[in-house]
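The values are calculated or read from the model by the stated rules, or taken from the named source; none is laboratory data. These numbers come from a predicted model, not from an experiment. Because the Cβ atoms are built from the backbone with ideal geometry, glycine has one as well, and the counts that use them run over all protein chains shown. Please note that ligands, DNA and RNA were not included when accessible areas were found on the heavy atoms of the full protein model with its side chains. Shrake-Rupley method; radii C 1.70, N 1.55, O 1.52, S 1.80 Å.
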Amino acid sequence: MTQSPSEASDPAATLADRLAAIRQQIAAAAETAQRKPDAVTLIAVAKTFPAEAVIEALAAGQRHFGENRVQEGMAKYPDLRQSHPDLVLHLIGPLQTNKVKQAVAHFDVIHTLDRESLAQELAREFAKSGRRLPCFIQVNTGAEPQKAGCAPQEADAFIAACRALDLPVVGLMCIPPAEEEPAPHFALLHKIAKRNGLEQLSMGMSSDFETAVMLGATHVRVGSAIFGGRSYPPAS
Ligand SMILES: *Cc1c(COP(=O)(O)O)cnc(C)c1O
């Protein structure tokens, strides 16, 4: 899609206005693709923004939030979860094995399962804690050496390995290379998911969520188009 979320990033608009505009764009893209708008979950990525921004989004009806650092999620959400028990917190950033215990305790969904050692650690922690979080397997569709995610050609075997560990794998996630057309990456992710019987696709960010919805995204992760530009670059 070439249409940019211009109204969504209008600095004069309120956060509630921007959220409403994005929900509308998601619905329109879904309709174009003959999908149901409610088949797409909007995850508001609040990384680097304070709890006040999350509270504003909660007031506008937003319930799914994304953070890319375990520590930041632990600091920002405990009180908000008390006041909003239906808040759903998604971990969308890299997960180190030594943070698995904290991640499982504080998050509801993991989007970045990408290697055997992490799969084993998650399986252990799920058994120990009794919390079984739905997991997306991250695929490095652009085969970028610096980026997390399992290689596309290893995805089938890794999905099977995670299933053998009895992990609740619900779908696949990708972050296309910044300088490339995202559509082929979304299509590749869809293809890998389909041949493995996985129904959920976590793909699409502020600049390309409409394209992602057209290509089957069930979860879009939108940050700056909701909260504004980030003042320091997040770790990735
Ligand atoms: C930051 C981030 C996003 C949101 O990016 P925006 O361009 O601000 O919408 C989505 N997914 C991941 C994994 C991120 O780290």
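Pro152 meets all of the listed conditions (1) out of contact with any Pro (no Cβ under 6 Å at 6 or more places or on another chain); (2) in contact (Cβ under 8 Å) with a residue 12 or more places away in the chain; (3) within 13 Å of the ligand (Cβ to nearest atom) but one, namely (3). In the condition set (1) under 30 Å from Glu52 (Cβ atoms); (2) touching a residue at least 40 places away in the same chain (Cβ under 8 Å); (3) touching a strand residue (DSSP E or B) at 6+ places or on another chain (Cβ under 7 Å), Arg63 is compliant with all but (2). Looking across region 185-236 at every residue that is under 21 Å from Asp114 (Cα atoms) and free of Cβ contacts under 8 Å to residues at least 24 places away in the same chain, the one that is most open to solvent (accessible area, probe 1.4 Å) is identified as Lys194.
Scan region 58-68 and give yes if some residue there is away from the ligand (no atom under 16 Å from the Cβ), over 17 Å from the mean Cα position of the chain (by Cα) and over 22 Å from Arg230 (Cα atoms), otherwise no. Give the steps one after another, and end with the answer.
Initial filter on region 58-68 (away from the ligand (no atom under 16 Å from the Cβ)): 58-61, 63.
Add one more test, that the residue is over 17 Å from the mean Cα position of the chain (by Cα), and what stays is 58-61.
Narrowing further to those that are over 22 Å from Arg230 (Cα atoms): 61.
Among the residues of region 58-68, at least one is away from the ligand (no atom under 16 Å from the Cβ), over 17 Å from the mean Cα position of the chain (by Cα) and over 22 Å from Arg230 (Cα atoms), which makes the answer yes.
A single member of Ala225, Ala212 is within 8 Å of the ligand (Cβ to nearest atom), within 22 Å of Ile22 (Cα to Cα) and not in a loop (DSSP other than H, G, I, E, B), and it is Ala225. Quick check: anything in region 139-154 crowded, with 20+ Cβ neighbours inside 10 Å and assigned to a helix (DSSP H, G or I)? Scanning region 139-154 turns up no residue that is crowded, with 20+ Cβ neighbours inside 10 Å and assigned to a helix (DSSP H, G or I). Among the residues making up region 88-132, those that are aliphatic (A, V, I, L, M) and within 13 Å of the chain's Cα centre (by Cα) are Val88, Leu89, Leu91, Ile92, Val109, Ile110, Leu113. Taking the criterion of being under 20 Å from Asp108 (Cβ atoms), assigned to a loop (DSSP other than H, G, I, E, B) and within 12 Å of the ligand (Cβ to nearest atom), the only residue of region 176-203 that qualifies is Met203.
Within region 69-106, being in contact with a helix residue (DSSP H, G or I) (Cβ under 7 Å, 6 or more places away or on another chain), within 16 Å of the ligand (Cβ to nearest atom) and over 22 Å from Ala161 (Cβ atoms) holds for Val70, Gly73, Lys76, Leu89.
Being assigned to a helix (DSSP H, G or I) and acidic (Asp, Glu) is the filter here, so list the residues in region 155-175 that pass it. Selection gives Asp156 alone. Considering the conditions (1) more than 12 Å from the ligand (Cβ to nearest atom); (2) crowded, with 18+ Cβ neighbours inside 10 Å; (3) not acidic (Asp, Glu), Ala164 is excluded by exactly one of them, (2).
Sub-8 Å Cβ pairs linking a first residue in region 11-23 that is closer than 16 Å to Ser224 by Cβ and modelled with pLDDT under 95 to a second residue that is open to solvent by less than 50 Å² (accessible area, probe 1.4 Å) and not in a loop (DSSP other than H, G, I, E, B), at least 6 apart or interchain, are Ala13/Ala21, ordered by first then second residue.
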